[in-house]
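Below: the structure, in structure tokens.
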Amino acid sequence: PEPPEEDRKTRFMTPLSPQLIDDFRRADNNDDWLRALQIAQQAISESPNNARAHAMSARAHWRLGEIAECDADVARALQLDANCALAIATQAGRMADDGQTRQAIAQLDTAIDKLPGDASLHIARGWQHQENDRLNEALRDYQQAMALDPQNMRGYVNAAAVLHSLGRNSEAADLWDNGANACPDNGQLAYNAGTALYQQRDYERAIGHLD
């Protein structure tokens with residue numbers, strides 16, 4: 001028998017180059033969304049039938065406030081691969097922006113059941129929990145995201161913010177330190193780590209980030 005249509009679609013996707021994926025992650029980590037969009041457009045040019053390329057573009061458009069373009073890219077990504085995690089995460093973020101928080105979390109729950117190994121889904125769900133003061137649930141998602149993708153800055157940043165909100169400032173400082181070490185090209189992350197460690201009077205580690 002022939003494989004299901006979704007399997008046929010994903011089987012013939014042109015893979016993205018690891019360099020493009022790394023470049024996009026770096027731009028994302030630094031909130032450089034114009035650069036992220038340029039990288040995504042290059043990815044689409046090189047691999048027009050790759051769902052992740054369109055999802056990268058959707059995320060960049062979303063963060064730039066270009067909502068129509070974001071929604072079009074999400075639709076294209078999910079047409080190519082209904083299980084494209086980054087597209088699902090972006091779509092959930094859009095739903096929450098429109099006040100559909102419960103539906104967004106339900107969508108992310110379903111996606112994580114199918115794709116438990118994808119950090120972007122845990123970060124997206126963690127953010128929804130954080131925004132709705134479910135801090136312990138948020139922290140669990142961020143911790144899972146850090147374990148799955150240690151190079152993704154957002155797990156560290158968001159988890160540190162949650163720990164600070166819970167009054168666990170020493171743990172937050174350690175997390176800033178871990179994040180800055182994992183993402184050494186991010187100056188803002190290094191500054192935040194140094195500041196948090198300095199406030200905890202951990203001057204030796206603080207100077208390592210602030211020097």
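The values are calculated or read from the model by the stated rules, or taken from the named source; none is laboratory data. Just so we're clear, the structure is a prediction, and the values are computed from it rather than from any experiment. Positions of Cβ are backbone-derived with ideal geometry, glycine not excepted, and every protein chain shown enters the neighbour counts. Surface areas here come from the heavy atoms of the whole protein model, side chains and all, with no ligands, DNA or RNA. Shrake-Rupley method; radii C 1.70, N 1.55, O 1.52, S 1.80 Å.
Out of the residues in the stretch 151-166 that are within 14 Å of ALA89 (Cβ to Cβ) and free of Cβ contacts under 8 Å to residues at least 40 places away in the same chain, which is surrounded by the most Cβ atoms within 10 Å (Cβ to Cβ)?
Only one residue tops the list, namely GLY155.
Checking the condition out of contact with any strand residue (DSSP E or B) (no Cβ under 8 Å at 6 or more places or on another chain), of a type in the set (D, E, K, R) and at positive phi, which residue from ASP141, ASP133, ASP97, ASP113 passes?
Matching residue, one of ASP141, ASP133, ASP97, ASP113: ASP133.
Within the stretch 27-39, track down each residue that is crowded, with 18+ Cβ neighbours inside 10 Å and either under 11 Å from the mean Cα position of the chain (by Cα) or not small (Gly, Ala, Ser) (or both).
Hits for the stretch 27-39 are ASP28, ASN29, TRP33, LEU37, ILE39.
Of all residues in the stretch 62-78, count the ones that are open to solvent by less than 20 Å² (accessible area, probe 1.4 Å) and either farther than 17 Å from LEU121 by Cβ or within 14 Å of the chain's Cα centre (by Cα) (or both).
Selection size over the stretch 62-78: 1.
Kindly list the number of the only condition in (1) surrounded by fewer than 21 Cβ atoms within 10 Å (Cβ to Cβ); (2) of a type in the set (S, T, N, Q); (3) part of a helix (DSSP H, G or I) that fails for THR90.
(1)
Please count how many residues of the stretch 167-179 are modelled with pLDDT of 90 or more and open to solvent by less than 70 Å² (accessible area, probe 1.4 Å).
Counting residues in the stretch 167-179 that are modelled with pLDDT of 90 or more and open to solvent by less than 70 Å² (accessible area, probe 1.4 Å) gives 9.
For the stretch 12-21, indicate whether the set of residues that are among the β-branched types (Val, Ile, Thr), farther than 26 Å from ALA180 by Cα and more than 15 Å from the chain's Cα centre (by Cα) is non-empty.
yes
Quick check on the stretch 130-150. Is at least one of its residues hydroxyl-bearing (Ser, Thr, Tyr) and open to solvent by 40 Å² or more (accessible area, probe 1.4 Å)?
no
Does ASP109 satisfy the condition of being out of contact with any Leu (no Cβ under 8 Å at 6 or more places or on another chain), open to solvent by 40 Å² or more (accessible area, probe 1.4 Å) and not in a helix (DSSP H, G or I)?
For ASP109, the condition - out of contact with any Leu (no Cβ under 8 Å at 6 or more places or on another chain), open to solvent by 40 Å² or more (accessible area, probe 1.4 Å) and not in a helix (DSSP H, G or I) - is not met.
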